[in-house]
Amino acid sequence: MKENKIEFKEITVPLPAGSKVINTLYYVVDNGRSDVFENLEELDSKTFRVINRIFAHMIIKDKCRSEMVQYRLNKHPYGEIKPMPHRFFFFRKYGNHIIFFDYRKKKKKSLGEKVYSIIEEKMRKYEEAFERYRKESK
C-alpha cells in the first residue's frame, strides 16, 4: 500500500504594521493536492479578502473574535471558518500552530454528524503527520 505524502505549507498574509506574530498557520498538502488551497483560489474576491483578514487576526491574536470563526465544533476537537457557504476546517497543535486541513461547501442541511465524524478522522491523520513533521524539522 502506498503511503500518502503529507506536507504542511505556511499561510502568509499581509499583517498590520507593528503586529506581533503569535500563531503560525498552515494548510495541508496531501499527495500534491490541497482542498484548502485549491478552494481558497476559487473564492470570489470579496470572500477572499474576508478570509485573509481572518487569517491575519488568527496569526496575531490568541483567539479571533469573529462570528465566522468557531474554534470548536460541538463535540469535535476542530474548528471552522465559515463564510457562507464555505467551510474551512482547522485544528490547533502545540498551542500556536493552526492547521487548515479540509474544505466543504455547505448546502442546506448537508453537513451532519456523519460528515463531521469523517472530518475528525481526517484531522486525526493530519495531526499525527504534523507531529512527525515537527519532530523532523527540529
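Among the residues making up the stretch 72-93, those that are among the charged types (D, E, K, R) and farther than 18 Å from E131 by Cβ are R72, K75, E80, K82, R87. Taking (1) open to solvent by less than 80 Å² (accessible area, probe 1.4 Å); (2) at pLDDT below 95 in turn, R33 satisfies each apart from (1). For the stretch 4-30, what are the residues that are more than 15 Å from F130 (Cα to Cα) and either basic (K, R) or open to solvent by 90 Å² or more (accessible area, probe 1.4 Å) (or both)? T12, P14, A17, K20, listed by residue number. When the stretch 48-86 is filtered for residues that are aromatic (F, W, Y), open to solvent by less than 40 Å² (accessible area, probe 1.4 Å) and over 20 Å from K114 (Cβ atoms), only F55 remains.
Please go through (1) within 16 Å of L25 (Cβ to Cβ); (2) surrounded by fewer than 15 Cβ atoms within 10 Å (Cβ to Cβ) for E136 and return the number of the only condition it doesn't satisfy. So E136 meets the others, but not (1). May I ask you to list the residues in the stretch 1-55 that are within 15 Å of the chain's Cα centre (by Cα), among the charged types (D, E, K, R) and in a helix (DSSP H, G or I)? D35, E38, E41, R53 - these are the residues of the stretch 1-55 that are within 15 Å of the chain's Cα centre (by Cα), among the charged types (D, E, K, R) and in a helix (DSSP H, G or I).
The values are calculated or read from the model by the stated rules, or taken from the named source; none is laboratory data. Note that the structure is predicted; figures quoted are calculated from it, not measured. Glycine gets a Cβ as well: all are built from the backbone with ideal geometry, and neighbour counts include every protein chain shown. These accessible areas exclude ligands, DNA and RNA; they are computed on the full protein's heavy atoms, side chains included. Shrake-Rupley method; radii C 1.70, N 1.55, O 1.52, S 1.80 Å.
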